[in-house]
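Working notes, structure below.
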Amino acid sequence: MKKVMLKTTLSLAVTLASTQIFASGFAINEQSISGMGTGFAGRSSSADDASTIFGNPAGMSRLKREQVSGGAAFLDAHTDISHASSSPNRGSNDGDMVPFIAVPMGYYVKPIDDHWAFGIGMYAPFGLVTDYESGFAGRYFGSKSEVKIVTLQPTVSYAFNDKVSIGFGPTINRIDGTLESNLSITQAAPDGNVKIKGDDTALGYNIGILAQVTDSTRVGLTYHSKVKYKLDGNTKVNYNVLGLIGQNPSQKYDASLDLTTPESVDFSVTHQLDDKWTLYAGSTWTRWSRLKEITVENKGVPAALNGQFGTITEEQNWHDTWAHAIGASYQLNKEWVLRTGLSFDQAPTNNVDRSPRIPTGDRKIFSLGAGWSPTNDLTIDVAYSYLREESVKVNNTNDRGQTYDAKYQNWANGFGVGATYRF
């Protein structure tokens, strides 16, 4: 029972497995539509618009006009599930567990003088929506998840001169999650349900430095801090399948889960080759090794069930990851700029602990984009990305003897549209 329960609770921490397959683990890359077009190469050094608040807050010093940027990325993810087996041997493996989702973003930057600039941004650094079909064969290891993290970041930057600037922004992060799994005690018994809700607000920060090292080359370094959450909520368990005489069919317990989203370091280079071509390259390190295990505390559990539902712990043993990207843009004319990029992204999961909620592997992403400026005040950006992951295996067993083994192959299409208006 411990593993059945935990696979639901677990997803509150290891979220966006198959939905968010445009960045490693459960991070989201889509905070900039212009950056999406180059595969996020040069994210900490390009400073093309107000979305630099996320990419590198020091980049606000390059924006000489007050401006607002906003947009949304739309993710269409797909999964092929093959070579599936389960015990009990019943259920489907459709793989259509990821709905079409949108990831919005918005930013505002105002230069104060030749040195100072102020900005504020709102974006989603992490998130999840997965919903397997009701008869999914792996439903005892995860059936439905919906988790959202929204970040508000007020930011300031300071330019020491026309070569070097720094930026800093505290982040106010809100997490909300609702997660479900099926529960069954015997093959003959009908399925029950485990549902967990939790939320918290926590603080972090982003800090960056930007340097114009030559007339044509700019480098940037950005640090996104870890954020420590303590999610409080409740766990609802349908007791019908437990056969406990005299107990209510459903019980609700207070639940808490400690979760730390990892810090990351992004280093990138932007090089203007000539009047037409600009080249980008970047690497991001993420400290996913923080996720060694998940421990959930449920209060008010009857003594007879405390061993099953009181404190639940499961090993995760994620590892640190690197992501690398290269990209280019071509200034076709005054109105149009064309973009492209190629990214390589490691997955932090391992073959032992991977579950249906986290069926991801290393991935490659190809991106295209364009910016159209009909006037000097307005730019409209569009982007498209295609991602394909290596195939991975899921091998799950719980202490009820239930198992689920399968091979997952994930791919996705991403679409982005945004606009920047300068005052």
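Coordinate-derived values only; no laboratory data. Everything quoted here is computed from the prediction, not taken from an experiment. Methodologically, a virtual Cβ is constructed for each residue, glycine included, from the backbone with ideal geometry; neighbour enumeration extends over all protein chains shown.
Relative protection proxy for 32-43, 401-412, 277-288, 155-166, from highest mean packing down: 32-43, 277-288, 401-412, 155-166 (other beta-carbon atoms within 10 angstrom).
Taking amide H as placed 1.01 Å from N in the peptide plane, Ser44 has its amide H under 5 Å from the amide H of Ser268, each at least 5 places away in sequence or on another chain. Look at Glu30, Glu390 and count the other Cβ atoms within 10 Å of each Cβ; fewest to most, that gives Glu390, Glu30.
Normalised by the empirical 2.2 N^0.38 Å for globular proteins, what value does the Cα Rg of the chain take? Don't skip to the answer; put the middle values down first.
Working: Rg = 23.0 Å, N = 423, 2.2 N^0.38 = 21.9 Å.
Rounded to two decimals, the normalised Rg is 1.05.
The share of Cα pairs per 5 Å bin across the range 22-131, counted from zero up to the longest distance, runs 2, 11, 18, 18, 13, 10, 8, 6, 5, 4, 3, 2, 1, 0 percent. Express in % the proportion of alpha carbon pairs of the range 339-423 at distances exceeding 22 Å. Tail of P(r) above 22 Å: 49 percent of Cα pairs. Taking amide H as placed 1.01 Å from N in the peptide plane, the amide H of Gly192 sits under 5 Å from that of Leu183, Ser184, each at least 5 places away or on another chain. Backbone amide hydrogens, once placed in the peptide plane, bring Ala117 within less than 5 Å of Ile112, Ser157, excluding anything fewer than 5 places away on its chain. Dipole orientation for the chain: of the candidates Thr38, Val129, Leu291, Leu291 has the Cα lying most toward the positive pole (charges on Cβ; Lys, Arg +1; Asp, Glu -1).
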